[in-house]
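Since the structure comes first, as structure tokens, the remarks are kept for the end.
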Amino acid sequence: MRKRLNWFMILILLILAGIYLMQRVHLLPSLSDIFKSQPVEIDNSILLIKEINSLAQLITITAYNEITIDSTKKGWSLFNNPLIPSLLNIPNIKKPDEKLILIGRGRILAGINLAKLTQSDLFVKNDSVSVIIPSAEILQVILNPSGFEIFEERGNWTDDEVKAVKIKLREKLVATALRQNILQKATDRVVLIMEHFLKAMGFKKVTLILQT
Amino acid sequence: MFLIKNAGFLLLTLLFFSCNKKDRQLQQILALQQMNDLATVEYVITKIIRANDNKTWYKFGDRKILMSCKATLIAGIDLVSITREQVMIEKRNIQLSLPHAKLISISIKPEDIAVEYQELDMLRQPFSAEERNELAILAENQLKTSIAELGILQTAETNATLFVSNFLTRLGYKKININFDQSKSLKD
């Protein structure tokens with residue numbers, strides 16, 4: 001009897017091991033996969049080039065930041081005073097607050113727009129050059145869909161509402177970068193790069209004047 | 001009795017089957033990073049995001065969404081990799097070797113993603129903000145894989161040649177010869 005029980009247990013273990021191995025080589029779907037919701041995929045649609053613009057931007061610094069933002073849509077209650085339903089012994093009918101908490105990871109690129117450089121901003125004499133550099137500015141704020149994480153979504157949030165929260169988050173991202181003194185750091189780096197470039201172009205004396 | 005005797009073996013077997021190794025990648029990003037890029041071209045492209053949630057067998061009814069998105073791609077060259085060895089100056093003539101163009105950024109602004117159409121059957125829930133964002137991430141990934149086909153790097157190199165050439169003319173050079181560093185492209 002005991003020997004039969006042992007054989008029975010070994011058989012069960014062998015079957016389990018067989019199922020496991022078959023799942024590993026994808027001959028059998030896993031049990032959890034059968035009831036798992038399949039991911040939604042998108043069609044590989046074409047890319048349409050709408051515009052091609054020439055740029056002359058010298059990007060000298062990137063600031064990475066992670067910002068959190070939350071937004072709440074107030075719910076409503078049938079009774080203004082929460083004591084009324086308990087006094088009347090009826091349920092308090094109400095719609096709870098709707099909440100959206102987003103985490104955004106983005107990049108801010110800063111530098112100068114060299115397209116603003118005019119002929120009068122350059123002065124050359126023999127092996128000396130003098131350049132008036134335009135002031136540094138934020139050239140791009142990159143906050144792509146992959147940079148967003150929806151931490152909590154309670155209630156129904158329309159596309160426009162979510163967009164508004166994301167735009168607010170972007171503004172917060174820019175404000176944080178400005179607080180980190182990104183423009184000053186970008187300017188310092190512009191001076192270094194321009195000096196390096198102009199010296200490589202054969203100039204011995206390079207004077208850089210920052211536009212105020 | 002059998003179970004008690006073979007408890008160790010059973011436990012090990014269970015552990016073996018249940019263990020799921022997940023590599024946790026440590027992500028570290030510098031808050032501020034120095035760059036030396038001269039952005040020379042910007043491509044504005046549009047893409048339609050079309051999805052149909054009909055792959056799960058126990059979910060009945062249609063659930064479709066059509067979104068549109070606009071992305072801005074920026075490409076240019078690394079200005080600091082130009083060293084004196086790559087420049088040959090002879091009086092007012094200059095020969096310069098520029099590094100090959102690279103993609104600097106891809107940007108999809110939140111306001112540039114829009115839901116154009118949604119079709120939902122009675123039994124289905126509307127797409128949540130998280131699901132819409134996931135679809136936009138898929139579109140972003142598709143975009144990243146299709147960059148080479150757009151020809152943005154070639155345009156960036158053409159524009160870089162134009163910009164540097166104009167700049168050198170302003171600096172007083174008469175004959176300017178610009179080419180792209182072949183050795184670097186081979187290394188890449």
At q = 0.22 Å⁻¹, base-10 log of I(q)/I(0) for segment A:92-202 (Debye sum, equal scatterers on each alpha carbon): -1.18
Distant-in-sequence amide H partners of A:Ser77 (H built 1.01 Å from N, under 5 Å): A:Lys95
Debye-sum result for segment A:30-116 in log10 I(q)/I(0), which assumes one identical scatterer on each alpha carbon, at q = 0.19, 0.26 Å⁻¹: -1.04, -1.16
Solvent-accessible area buried by B and A, counting both chains, probe 1.4 angstrom, square angstrom: 7400 Å²
3J(HN,Hα) from dihedral phi, segment A:148-164, Karplus parametrisation 6.51/-1.76/1.60, rounded to Hz, x for glycine, proline: 9, 10, 8, 6, 8, 9, 10, x, 9, 10, 6, 4, 5, 5, 5, 4, 4
Average beta carbon contacts from partner chains per residue of B:55-67, 10 Å cutoff: 2
A:Leu16-A:Lys125 pseudo-label distance in nm [points 7 Å out on the Cα-to-Cβ vector]: 9.0 nm
Computed [θ] at 222 nm, deg cm²/dmol, chain A (DSSP H ≥ 4; -39,500 (n - 2.57); rounded to nearest 500): -11000 deg cm²/dmol
Magnitude of the charge dipole, segment B:38-187, Cβ model with Lys/Arg +1 and Asp/Glu -1, debye to 20: 680 debye
Percent of Cα-Cα distances greater than 21 Å, calculated over chain A: 76 percent
Cα-centred dipole magnitude for the protein assembly as shown, charges only on beta-carbon of K, R (+1) and D, E (-1), debye, nearest 20: 1060 debye
For A:Asp160, net neighbour charge (Lys/Arg +1, Asp/Glu -1) across residues whose Cβ lies under 14 Å away: 0
Residue-by-residue Karplus 3J(HN,Hα) for segment B:57-68, coefficients 6.51, -1.76, 1.60, Hz, glycine and proline x: 5, 9, 9, 9, x, 7, 8, 10, 9, 10, 10, 10
A:Leu210 long-range amide H proximity, modeled H, under 5 Å: A:Ile133
Net dipole in debye of chain A [+1 Lys, Arg Cβ; -1 Asp, Glu Cβ; about Cα centre; nearest 20]: 720 debye
Estimated Rh, segment A:4-64: Kirkwood, alpha-carbon pairs, angstrom: 18.3 Å
For segment A:118-212, accessible area per residue (1.4 Å probe, heavy atoms of protein chains only), Å²: 51 Å²
Principal axis box of the protein assembly as shown, alpha-carbon based, largest edge first, Å: 103, 70, 38
Heavy-atom accessible surface of the protein assembly as shown: percent carbon and sulfur, 1.4 Å: 57 percent
Integer Hz, Karplus 6.51/-1.76/1.60 couplings in order for segment A:7-24, x for Gly and Pro: 4, 4, 5, 4, 4, 4, 4, 5, 4, 4, 5, x, 4, 4, 5, 5, 5, 4
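The values are calculated or read from the model by the stated rules, or taken from the named source; none is laboratory data. Since the model is a prediction, treat every value here as computed from it, not as a measurement. With ideal geometry, Cβ positions are generated from the backbone for all residues, glycine too; neighbour counts draw on all protein chains shown. What goes into the accessible areas is simple: the full protein's heavy atoms, side chains included, and nothing from ligands, DNA or RNA. Shrake-Rupley method; radii C 1.70, N 1.55, O 1.52, S 1.80 Å.
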